[in-house]
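Please treat every number below as a calculation from the coordinates, not as lab data. Because the structure is predicted, anything quoted here is derived from the model rather than measured. Note that each Cβ is placed from the backbone with ideal geometry, even for glycine, and that neighbours are counted across all protein chains shown.
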Amino acid sequence: MARATRLTNSMRDSITKMLVDHAFLKKSEEQLVAECDFAQEVYDDYASKKVTFDGAKIPLASALAKLPIGWVYADGDIKVQIAGDTVTLYSKSGLTSPWGSSHPILGDALLKDRTEWAFPPGQGYSTVAVFDHGSDVAKCYEKLTRSREDLSKKISDARISARATLNIATSIQNLVDMWPECATFANRFLTKEKVSEIALPTLRREELNATLELPVEEKS
C-alpha cells in the first residue's frame, strides 16, 4: 500500500489561498478598478472647476499646468464630503487606504498604473468638494461600498468554509477522496506517481463547489 502524503497546516493554508484566489481574485481586481475609476472621476470633477488665473476663468487643471515646477502639490488621495460624511478616496487603491494592516480585497491592493493627483499650493488635506445625498457621486459611492462589503464577506465565508473542510482531511489523498473537485490544487503537492494512485469517489459538496467555482476546467 502506497504511503500517504501528510496534509500539513502549511499545505492547508496554501490550498485555501489557491481555492479562494481561484474564485475571487478576478472579482477583487474588477472591484478595485471600479473604485479607482470612481476616485478618478471625483478628482476630474474637482479639477474641472473654473478658477481665475491671470484674469481669465479656466479649469483648475489648466491653471495647475501653468504653475512653475515645484508649486503644485501632488498627492495620491483626495478628501471630499459625500452625503454628509467626510470620505478619502485614493488614486491607486480606491475606497481603502493602501497602508492599512490588512486589505479586504485579494491580490495587489494598488493599481500601479494610476498616478498621483495635482492640487494647488497650500491645498493640504482639506475637503475640496461636497456631494449631496441624492447626487450621482453619492449613489455610485454607496453602490461601490455595498459591493466591496459583499465581496469581502463572501471571501471571508469561503475561506472559513474551505479551511474547515481541509482541517478534516489528514493527507492529500484523503482530501482528494473526500473532495475531488479540489484535486487540481491539492495534487500540486504530490508527485505524478502519487497522483495516479488516487481514486475520486463522489460526495455531497455542491454548495462549497459553487462558492469556489469548482471544478476547474482544464485548458486543452
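Would you mind calculating the relative contact order of the range 9-211 from Cα pairs under 8 angstrom and at least 6 residues apart, reporting the percent as a whole number? Don't skip to the answer; put the middle values down first.
Details: 237 pairs, mean separation 48.5, N = 203.
That works out to 24 percent.
To make sure I understand, if each residue's beta carbon is the centre and we count other beta carbons within 10 Å, what order do His22, His133 fall in, fewest to most? Walk me through the numbers before you get to the answer.
Working: His22 16, His133 11.
Least to most surrounded, the residues fall as His133, His22.
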> Sorted by average packing, counted as other Cβ atoms within 10 angstrom per residue and highest first, what order do 149-161, 28-40 take?
Replying inline: 28-40, 149-161
> Taking the highest mean first, how do the peptides 81-94, 57-70 order by number of other beta carbon atoms within 10 angstrom per residue?
Replying inline: 81-94, 57-70
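In the structure shown, do any of Lys27/Lys66; Lys92/Lys154; Lys27/Lys49 have a Cα-Cα gap over 32 Å, and if so which?
Details: Lys27/Lys66 40 Å; Lys92/Lys154 23 Å; Lys27/Lys49 34 Å.
With Cα atoms farther than 32 Å apart: Lys27/Lys66; Lys27/Lys49.
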> Of the listed peptides 181-187, 166-172, what is their order by residue-averaged count of other C-beta atoms within 10 Å, with the highest listed first?
Replying inline: 181-187, 166-172
